[in-house]
Amino acid sequence: MKNQQTLILIKPDGLKKSLTGNVLTRLSETKLDIIATKTVQVTSKLAEEHYKYLKDKPFYKELIKYLMGEFHKKKVMALVYWGPDAINKVRNICGATNPEEADSVSIRGAYGRITTKGVYENVIHASTNEEEAEREIKLWFKPDEIIFDVYPTKTATVKKKERVWA
Ligand code: IDP
Ligand code: MG
């Protein structure tokens, strides 16, 4: 089976409900390798870019607020998993998008809910195909944050202001 990389996000409801350990334990059933991880405060720019293909949906605005942590905690844990058939293996354990329809033994089925406002609080994001995984991993991670090069890299001079320790 082909080795693939896939982006996982533990969304703010998962962090607020202290589900990180449970989610990672479930994902460890896949026997895939974790090759990157970080905890991120999601800006509106990042959230909008991540979900740009849903821009025209009626739930888009609430979805952006949800990913930014406006309803829970302002943080998301981002991870890259790598190994044979990684994308489908992870998606299968995540379960269906709608947490009420997801298999009850899946992560979303076990821990997700739909709020009275109609927001799908489904705990986890996972890439659906190789193109999406590439776009998303490049959006969330820099090459040096991943333990090996999952895509080709180049060296560029990037001049920008950066916050440093005082
Ligand atoms: P996926 O996360 O299973 O790949 P997508 O269709 O890519 O599903 O949708 C991205 C996210 O948008 C979902 O995980 C969920 O948080 C939210 N979402 C999708 N469809 C709906 C909906 O009908 N109502 C509310 N939120 C939705
Ligand atoms: Mg999707």
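The values are calculated or read from the model by the stated rules, or taken from the named source; none is laboratory data. Not measured: the values here are computed from a predicted model. Cβ atoms come from the backbone with ideal geometry, glycine included; neighbour counts cover every protein chain shown. These area figures cover heavy atoms from the full protein model, side chains too; ligands, DNA and RNA do not enter into them. Shrake-Rupley method; radii C 1.70, N 1.55, O 1.52, S 1.80 Å.
Some observations on this one:
- Residue count, the range 92-118 (criterion: of a type in the set (Val, Ile, Thr), outside any loop (DSSP other than H, G, I, E, B) and touching a Phe, Trp or Tyr at 6+ places or on another chain (Cβ under 9 Å)): 1
- Filter result (open to solvent by less than 10 Å² (accessible area, probe 1.4 Å), out of contact with any Ser or Thr (no Cβ under 9 Å at 6 or more places or on another chain) and under 18 Å from Ile137 (Cα atoms)) within the range 52-100: Leu67
- Members of the range 135-163 found to be within 16 Å of ligand 1 (Cβ to nearest atom) and either in contact (Cβ under 8 Å) with a residue 24 or more places away in the chain or surrounded by fewer than 12 Cβ atoms within 10 Å (Cβ to Cβ) (or both), listed by number: Glu136, Ile137, Leu139, Trp140
- When the range 124-133 is limited to residues that are open to solvent by less than 40 Å² (accessible area, probe 1.4 Å) and outside any strand (DSSP E or B), the one that is nearest to Asp144 (Cα to Cα) turns out to be Ala133.
- Helices (runs of 4 or more DSSP H) completely within the range 1-82 that count 2 or more residues being at pLDDT below 95 and away from ligand 1 (no atom under 11 Å from the Cβ): none
- Considering Gly95, Gly109, Gly83, the condition of being more than 16 Å from ligand 2 (Cβ to nearest atom), of a type outside the set (D, E, K, R) and on the phi > 0 side of the Ramachandran plot is satisfied by Gly83 alone.
- Residue ID - farthest from Lys65 (Cα to Cα), chosen from residues in the range 110-123 that are within 8 Å of ligand 1 (Cβ to nearest atom) and surrounded by 17 or more Cβ atoms within 10 Å (Cβ to Cβ): Asn122
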